[in-house]
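Have a look at the structure below, then the notes.
Each value in this text was obtained by applying a stated rule to the coordinates, not by laboratory testing. Fair warning: this is a prediction, and the values are worked out from it, not measured in the lab. Cβ atoms come from the backbone with ideal geometry, glycine included; neighbour counts cover every protein chain shown.
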Amino acid sequence: MVTRYNEPVEMIGHFCRGRVRPCRFRWNGRVYRISSVSSHWETREGAYPLYHYVVRTRGEDVYEIHFDTSDLSWTLDFHYSENG
C-alpha cells in the first residue's frame, strides 16, 4: 500500500563533500532512524535542486522523502507498506 503525505519533517542528515545522507527524521512526534538509503535522485524546481531519497527505517518501513534547497526543508512524500 502506498500513502501520500506531502508533510514537513525534521531531519538529521550528514552533509559531506557536497552530498547529503539522511540519518533520521522526526514526524508526528516520533523519531525514525534510517537504516539504509535504497535510491536517490535529483530533480529541479526552477533554479533549485530537490534531492529525493527512498529510505528504509529500522522497523523495515520504506519512505520517500526529499530535501528542497530553495528553503532547506525536508518533506515526507510517501510511505510504502505491505499492510493495509
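Miscellaneous remarks
- Phi-based couplings in Hz for the range 48-61 (Karplus 6.51, -1.76, 1.60; Gly and Pro marked x): 9, x, 10, 9, 9, 9, 9, 10, 10, 9, 4, x, 6, 7
- Fraction of alpha-carbon pairs over 12 Å apart in the range 10-49 - percent: 68
- Local electrostatic count, MET11, Cβ distance below 9 Å [Lys/Arg +1, Asp/Glu -1]: +1
- For the range 2-14, Karplus couplings with θ = phi - 60° (6.51, -1.76, 1.60), whole Hz, Gly/Pro x: 10, 10, 8, 10, 6, 10, x, 9, 8, 10, 10, x, 9
- Spherically averaged projected area of the range 2-80 from its Cα convex hull (nm²): 5.2
- Sequence-distant residues sharing a close amide H with GLY13 (under 5 Å, placed H): CYS23
- Cut-off 15 Å, label 7 Å out along Cα→Cβ of GLU60, residues of the range 28-42 by amide N: 35-36
- Arranged from fewest to most other beta-carbon atoms within 10 Å of their beta carbon, CYS16, CYS23 become CYS16, CYS23.
- Sum of side-chain charges, VAL55 neighbourhood, beta-carbon under 13 Å (Lys, Arg +1; Asp, Glu -1): +1
- Among the GluC sites (Glu not before Pro) found in the range 4-84, those both in a DSSP coil and sparsely packed, with 13 or fewer other Cβ atoms within 10 Å of their Cβ, are GLU60, GLU82.
- Relative contact order (%) - the range 2-80, alpha-carbon pairs under 8 angstrom, separation at least six: 30
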